[in-house]
1. Taking N as the number of residues in chain B, what is its Cα Rg relative to 2.2 N^0.38 Å?
2. Accessible surface of B:Lys106 in the full protein assembly, 1.4 angstrom probe, to the nearest 10 Å²?
3. On alpha carbon coordinates alone, what is the Rg over Rh value for region B:183-248, Rh being the Kirkwood radius?
4. Sort A:Met96, A:Met169 by accessible area with a 1.4 Å probe, largest first.
5. Accessible area per residue for the protein assembly as shown in Å², computed with a 1.4 Å probe and the full protein assembly in place, what is it?
6. Hey, any idea what % of region B:88-154's accessible area is carbon plus sulfur with a 1.4 Å probe?
7. Taking the Cα centre of chain B as origin and charging only Cβ (+1 Lys, Arg; -1 Asp, Glu), how large is the dipole, in debye to the nearest 20?
8. As a test question: what accessible area, to the nearest 10 Å², does A:Leu100 have when a 1.4 Å probe is rolled over all protein chains in place?
Amino acid sequence: MTLTYPFAVLGRQVLGFLAAVGRIAIFALTGISHLFRPPFYPKEFLTALLQIGYFSLPVVGLTTLFTGGALALQIYAGGARFSAESVVPSIVAIGMARELGPVLGGLMVAARVASSIAAEIGTMKVTEQIDALTTLSTEPMKYLVAPRLLAATLAVPVLVGIGDSIGIMGGYLVGITRLDFNPATYLKNTREFLEFWDVASGLWKGAAFGFIVALCGCYFGMNSARGAQGVGRATKTAVVTASVLILAANYVLTEVFFSA
Amino acid sequence: MIELRDVHKAFGPNHVLNGVNLALPKGESMVIIGGSGTGKSVLLKCVLGLVTPDKGEILVGGAPADKGSRDAFLARFGMLFQGGALFDSLPVWQNVAFRLLRGAQKRPKDEARAIAVEKLRRVGLKPAVADLFPAELSGGMQKRVGLARAIAAEPEIIFFDEPTTGLDPIMSGVINELIREIVVEMGATAMTITHDMTSVRAIADRVAMLHGGVIRWTGPVSEMDATPDPYVQQFIHGRAEGPIESVR
C-alpha cells in the first residue's frame, strides 16, 4: 500500500458521488422535460395523484395531530420557565406551518410513497415490463416517471396544508383540555400571530419535498438491480435518500426563505 | 428487412457479441439458437434499441436504426417476452389493447376491447379472461396473453424471446403452433430466440446459431440436421461432448 492509497480511495468515492449526482440530475431534467412534450397520460397522473395524495392523508393527518399535541405540551412546559405559557398557540401554529408540517409530512410521504414507487417500478424493471413499454412505443420516462413527479409535487403541498391544520388542531385540543386555555383566546392567538408567509413557505417546501420523494422512488426503481434483493435494495435506498434529501433541502429552503 | 453488421457489445470485461453479422429478409421466420448466456437476448435488445451496441451497424428496412427510424420500426412491431412481461396493474384486455388505447394507434375504448377479445380468442382464450388480472392466470395463459398483445396491432415484425421456456411439452406445442399459424397468417417477419429444438423445427424458416459472440452457422431449417458444423451438431443433439464447453 502506498502513501497515496487513502487519497485514491477518497478520490474514487468523491468521483462516484459526483457521477451519481449527475445521473440523478439528468434523470430529473429528462422527467421534467417529458411533462411539456406530448403525448400526455392524464389517467396515469390521476392514479398517481390518488395514490400519493389521497391515500397518504391518514398517515400525515395522524402524524401531525400527535405532533401538534406534543408540541403544545413541550412549549407550555418550556415557556413556564420564564412565564411565557401564553405563547403556546402562536408557536404551535408557526412551528407546524413553517417546519413540522412540511418536514414530517414529507418524511411520512417519503416512507410511504418513495418505497412504493421504487418497489413498483423496480419490479416492473426486473420482470421486463419496462422493456415491454418501450416495445409498445411508450416512453417509460413519460409514462411512469413524469406523471409521478407532477402528482407528488402537487399533492404534497396539499397534504402539508391539511397536516398544518390538523397539527394546529392537535395543539388546540391539548391546549384547551390539558393546559386550561380558553378556546376563543387560543384560536385568536393562533390567527393573530400566524402570517401568510409562514403557511406559504411550508407549502413551497412541501412541493420541493414531493418532487424529491417521487424523484428518488422513480430513479432507484428504474435503476434497480435484478432479483428480489435488487428491488429490496432499491426500495431501501429510495427511502433513505429521499429522507436525507428532504432534511437537507429543508435547511437550504429555510436559509433561502428566512435568513434575510 | 433487418440487418446486423459487425455488431459488438461488451459488459465490462464480458464480451457478449464479437461481430455479429445477420440478415433477416422480409416475411421470413428466423430462429436464433445458442446456449444460455451466449448473448441471444442481448442481440434482440440491440435490434430493439434497449441495449446500445459498442460497435457495428443495425439496419431496419435498409436505413440505420437511429432514434427516429426506430420509433417508426417499433410502431409496426410486436414482441412476446420470455416471462410475458404483462402489466400487473392492468386487466388482461387492457394489456392486450395497450397500444390501441394510447398513442398514434389509439382507438375508441369499445373498439379496442373488441379487438383485444378477438385476439384473445385467436390464441385460444375465452372472453371471460379479458377482465382478469395477469396474476390470476397460469404461466401458459400469461404466454398466450403476451402473444395476443404482440399481435394486437397487426405488426409486420414480431420477436419471440424464449416463447416456450417454463411451459410443459403440451403447452409448448400449443404455443409453437400458434406462433407458426400467426406468422404465416399475418405474413409477418419473425425473429425467435430459443434453445428448445422442438420450437426451432416448428417455427423456423431459417436458423442461425450464436456462439462465442458470433453467428457460427446460418441456413434453412431443412439443412440444419445435415450441416457438418460440429457446434450445431453438438447443440441440436444435446451432447455433452464437443467443441462447446458444457460448463460455462
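1. My calculation over the Cα atoms of chain B gives 1.02.
2. Rounded to the nearest 10, the figure is 140 Å².
3. Reported Rg/Rh (Cα atoms, Kirkwood Rh): 0.99.
4. Largest to smallest exposure gives the sequence A:Met169, A:Met96.
5. For the protein assembly as shown, the solvent-accessible area averages 46 Å² per residue.
6. 54
7. Its charge dipole is roughly 640 debye.
8. 50
The values are calculated or read from the model by the stated rules, or taken from the named source; none is laboratory data. Just so we're clear, the structure is a prediction, and the values are computed from it rather than from any experiment. Positions of Cβ are generated from backbone atoms using ideal geometry, with glycine treated the same way; all protein chains shown enter the neighbour counts. Just the protein is used for accessible areas: all its heavy atoms, side chains included, with ligands, DNA and RNA removed. Shrake-Rupley method; radii C 1.70, N 1.55, O 1.52, S 1.80 Å.
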